[in-house]
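Right, one structure below, let's go through it.
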Amino acid sequence: MSGITLALSKGRIFDETLPLLKAAGIVALDNPEISRKLVIATNRADVRIIIVRASDVPTYVQYGAADLGITGKDVLDEHGGAGLYQPLDLNIARCRMVVAVPVGFDYASAVRQGARLRVATKYQQTASEHFAAKGVHVDLVKLYGSMELAPLTGLADAIVDLVSTGNTLKANNLQAVEEIAPISARLIVNQAALKLKREVIRPLIDALEKAVSHG
Ligand code: AMP
């Protein structure tokens with residue numbers, strides 16, 4: 001197939017990608033929130049969009065089931081990035097990966113005293129690299145969502161999670177005590193597809209790059 005497939009996830013990534021695609025001359029012909037379609041045609045016969053779960057985007061692109069994808073750096077760091085070319089920071093879906101604890105918990109002195117902290121997170125790779133680099137011993141508890149609940153129920157002392165406005169932390173009496181990394185969405189490309197379909201993919205990367213720098 002000479003056409004290309006772009007993997008996106010519903011919600012923030014899809015919504016914030018549409019204007020960039022439009023600036024690159026690509027318009028989705030369906031809204032996945034309404035149509036429930038998982039394969040979406042565009043105004044270009046050679047470009048289609050598939051809708052996958054956010055954490056599955058790198059996998060689809062790694063195996064070439066999609067030629068390109070757009071995914072958060074948080075997801076990419078957990079995946080590891082094998083087989084993926086990462087040409088562009090799209091500067092959308094921005095937030096921060098942080099360590100957060102209950103208000104009043106003295107994180108700094110717990111770390112200083114070498115306390116072994118229990119940390120709940122969906123981002124095990126990111127968390128273990130962060131604490132290993134600091135030389136802090138932690139026990140990680142894997143969760144799939146609502147990390148904020150873990151310290152409130154005694155499941156963990158701290159969490160590693162994404163924060164955007166900070167409203168969710170605040171509403172649950174938590175505070176960020178360490179920033180691990182700024183996060184934004186990245187364009188990822190299957191390395192073999194880039195070689196085989198260069199004449200379609202390269203101009204698209206260039207057009208998206210232009211859209212990002214003009215946005
Ligand atoms: P906020 O209350 O605005 O700080 O948002 C925090 C909640 O939204 C947390 O549950 C985060 O996991 C989630 N969140 C914030 N930003 C993002 C993002 N860019 N991608 C995915 N989840 C996010």
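Entry note, the chain: relative contact order of 28 percent, from Cα contacts under 8 Å with a spacing of 6+ residues. For the chain, the longest principal axis of the C-alpha atoms and the axis of helix 124-134 are separated by about 50°. Summarising the strand pairing of the chain, around 65 percent of its internal DSSP beta bridges are antiparallel.
Its convex hull of Cα atoms gives region 95-181 a direction-averaged projected area, equal to a quarter of the hull surface, of 5.0 nm². Classify region 29-112 as rounded, prolate or oblate, taking a ≥ b ≥ c as the square roots of the eigenvalues of its Cα gyration tensor: rounded when a/c is under 1.5, otherwise prolate if a/b is larger than b/c and oblate if not. Prolate.
Across the cross-link table entries LYS73/LYS122; LYS22/LYS195; LYS73/LYS210; LYS10/LYS122, which are compared at the Cα atoms, the separations over 23 Å belong to LYS22/LYS195. Taking the C-alpha atoms only, the angle from helix 198-214 to the longest principal axis of the chain is near 60 degrees. Here's how it looks for ILE92: its modeled amide H is under 5 Å from those of ALA185, which are all 5 or more places away or on a different chain. Summing Lys and Arg as +1 and Asp and Glu as -1 over all other residues whose Cβ lies under 10 Å from the Cβ of TYR123 gives a net charge of -3. Computed from Cα atoms, the angle from the helix 12-23 axis to the main principal axis of the chain rounds to 30 degrees. Considering only the other residues whose Cβ falls under 14 Å of the Cβ of GLY145, what net charge follows from Lys and Arg at +1 and Asp and Glu at -1? In short, 0. Net charge of the neighbourhood of TYR107, taken over other residues with C-beta under 11 Å away and scored Lys/Arg +1, Asp/Glu -1, is -2. Computing FRET efficiency as 1/(1 + (r/R0)^6) for VAL177 and ARG198, where r is the C-beta to C-beta distance and R0 is 45 Å, gives about 0.45. Percent of C-alpha pairs per 5 Å bin in the chain, short distances first: 1, 7, 14, 17, 16, 13, 10, 9, 7, 4, 2, 0, 0. Residues whose amide H lies under 5 Å from that of ARG118, counting only those 5 or more places away or on a different chain, are ASP139, ASP157, ALA158; hydrogens are built 1.01 Å from N in the peptide plane. Computed over the chain with a Gaussian network model linking Cα atoms closer than 10 Å, the most mobile of GLY69, GLY83, GLY135 is GLY135.
Bear in mind that the values in this text are calculations on the coordinates, not laboratory data. Everything numeric here is computed off the predicted structure, so don't read it as measured data. Counting neighbours? That spans all protein chains shown, and the Cβs are built from the backbone with ideal geometry, glycine included.
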